[in-house]
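Written out below as structure tokens is the structure these notes cover.
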Amino acid sequence: MSWRAMTPDEACDLMDFWDAEPWPLTRDQVQQRAVEWFGWTVEVDDGVSYLMNTVSGFTIPDVSTIGSRGDLSYIALRVADTIRDVTRESRSFLGDAFALVVREGESRWGAPALSDREETQAAVWDTASGAQISFTLAPKGLRAMFKTPQGVRLDRKVDHW
């Protein structure tokens, strides 16, 4: 079986791109930027637009764009193919991809906060813009999340309730 993954540079470049954007942005603005800059596509289903990373050729191309009161809170996307049958080879593939993207992230943003729960590992960086970048490894996939400054503030507000 042959799986695909973004290069560490590509994954971290995406996060750097979103971190440099003039937040706050709406979901529509984010989708338009992704189409213009990355060549991704927007698909409409029942009047709702969905962002798709059709460039990387992953088995599942959707990109989550979740907002709060008009402003986008986070962007979550796959950094590698979704694994259907977990094997020793697939774990090795995803583990290596995670290690390489974390190493590249460390070279750009410094040491991450690391967590390891059950079968999931994560590396998280707080950025100077007030945003947060994370990469999460699970048995069936490797995901990246860019939490906007608004999303970080919202999470902190909710955590304090």
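The values are calculated or read from the model by the stated rules, or taken from the named source; none is laboratory data. Here the structure is a predicted model, which means the values were calculated and not measured. All Cβ positions, glycine included, derive from the backbone under ideal geometry; neighbour counts span all protein chains shown.
Observations
- Among the residues of region 103-156, those that are within 25 Å of THR87 (Cα to Cα), small (Gly, Ala, Ser) and either surrounded by 15 or more Cβ atoms within 10 Å (Cβ to Cβ) or modelled with pLDDT under 95 (or both) comprise ALA122, ALA123, SER134, ALA138, GLY141, ALA144.
- Taking the criterion of being over 17 Å from ASP28 (Cβ atoms) and not in a strand (DSSP E or B), the residues of region 54-79 that qualify are THR54, VAL55, SER56, GLY57, PHE58, THR59, ILE60, PRO61, VAL79.
- Restricting VAL86, VAL35, VAL48, VAL55 to those that are farther than 18 Å from PHE146 by Cβ and without any contact (Cβ under 8 Å) to a residue 24 or more places away in the chain reduces the list to VAL48.
- In region 106-125, the residues that are in a helix (DSSP H, G or I) reach residues that are surrounded by 10 or more Cβ atoms within 10 Å (Cβ to Cβ) and of a type in the set (S, T, N, Q) with C-beta atoms within less than 7 angstrom, at least six apart or across chains, in these pairs: TRP109/THR127.
- Among the residues of this structure, GLN121 does not count as one that is touching a helix residue (DSSP H, G or I) at 6+ places or on another chain (Cβ under 7 Å) and closer than 23 Å to GLN31 by Cβ.
- Residues that are in contact with a Pro (Cβ under 9 Å, 6 or more places away or on another chain) and not β-branched (Val, Ile, Thr), drawn from region 19-48: TRP23, PRO24, TRP40
- Of the numbered criteria (1) farther than 17 Å from ASP13 by Cβ; (2) surrounded by 15 or more Cβ atoms within 10 Å (Cβ to Cβ), the one GLY95 fails is (2).
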